[in-house]
Amino acid sequence: MSVGTPKALLRSAMLMTIVTVVWPICQAQAQAWIDRTPAPPAPLPRWGHSAVIDLTMDTMVIFGGKGSNGTNLNDVWTLTHATDSVLQSSWVQLQPAGPPAARLWHSAVYDPVSNRMTIFGGGLGSTSPCVNGVSVLTNANGSGGAPTWMPLAPSGAAPAPRA
């Protein structure tokens, strides 16, 4: 499609509208980065992990990834006072029962009402083999009881394994 076609012009106009309307709102709501220096112990540096935040408890939860030592991880850590610029942050390692296999490049979402983090898929190696399993971590922010992993078995056809 060339730049001058009606579809391209419409797409360009829509993009300009989004930038014109959304950018000032984003700028007005933007906040400065807060440099956190949490008290030790700390999780192993990693990549390919998931991180979710519970704003009601001001806690960030991280799971899995590939550690700086080259191993795949399935550990869970919380960061207290994740967004507070005054209170000292600290890392807390959770020890949930029934952890899923170590993985990276999985997806994760958090539900603050139920205090559950749900993960899907991921690579068990670097990017393969991939899985398409779903697991839920209860009491994910470290409060409300002992955290526990529960594998789910949704009905219907599962999506393809992926990272």
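The values are calculated or read from the model by the stated rules, or taken from the named source; none is laboratory data. Predicted model, so just to flag it, every value in this text is computed and none were measured. Note that each Cβ is placed from the backbone with ideal geometry, even for glycine, and that neighbours are counted across all protein chains shown. Areas reflect the complete protein model, heavy atoms only, side chains present, ligands, DNA and RNA absent. Shrake-Rupley method; radii C 1.70, N 1.55, O 1.52, S 1.80 Å.
Output the residues belonging to segment 106-141 that are at pLDDT below 95 and in a loop (DSSP other than H, G, I, E, B).
Leu124, Gly125, Ser126, Thr127, Ser128, Pro129 - these are the residues of segment 106-141 that are at pLDDT below 95 and in a loop (DSSP other than H, G, I, E, B).
In segment 139-163, what residues are open to solvent by 40 Å² or more (accessible area, probe 1.4 Å) and of a type in the set (A, V, I, L, M, F, W, C)?
Ala146, Met150, Leu152, Ala153, Ala157, Ala158, Ala160, Ala163
Select from segment 97-138 the residues that are over 16 Å from the mean Cα position of the chain (by Cα), aliphatic (A, V, I, L, M) and surrounded by fewer than 16 Cβ atoms within 10 Å (Cβ to Cβ) and list them in ascending order.
Passing the criteria: Ala97, Ala101, Val113.
Run down Val3, Val19, Val86 and say which single residue is at pLDDT below 75 and assigned to a loop (DSSP other than H, G, I, E, B).
On the way: Val19 fails: assigned to a loop (DSSP other than H, G, I, E, B); Val86 fails: at pLDDT below 75.
Within the list Val3, Val19, Val86, the selection yields Val3.
Confirm whether Asp54 is at pLDDT 95 or above, farther than 22 Å from Trp33 by Cβ and among the acidic types (Asp, Glu). I'd like the intermediate steps shown before the answer.
Details: at pLDDT 95 or above: yes; farther than 22 Å from Trp33 by Cβ: no; among the acidic types (Asp, Glu): yes.
No.
Name the residue that is surrounded by the fewest Cβ atoms within 10 Å (Cβ to Cβ), counting only residues in segment 65-96 that are of a type outside the set (Val, Ile, Thr) and closer than 16 Å to Thr138 by Cα.
Kept after step one, since they are of a type outside the set (Val, Ile, Thr), are these residues of segment 65-96: 65-70, 72-75, 77, 79, 81-82, 84-85, 87-91, 93-96.
Next, from what is left, pick out any that are closer than 16 Å to Thr138 by Cα: 74-75, 77, 93-96.
On the way: Asn74: 18, Asp75: 19, Trp77: 22, Gln93: 12, Leu94: 18, Gln95: 9, Pro96: 20.
Among them, the one singled out is Gln95.
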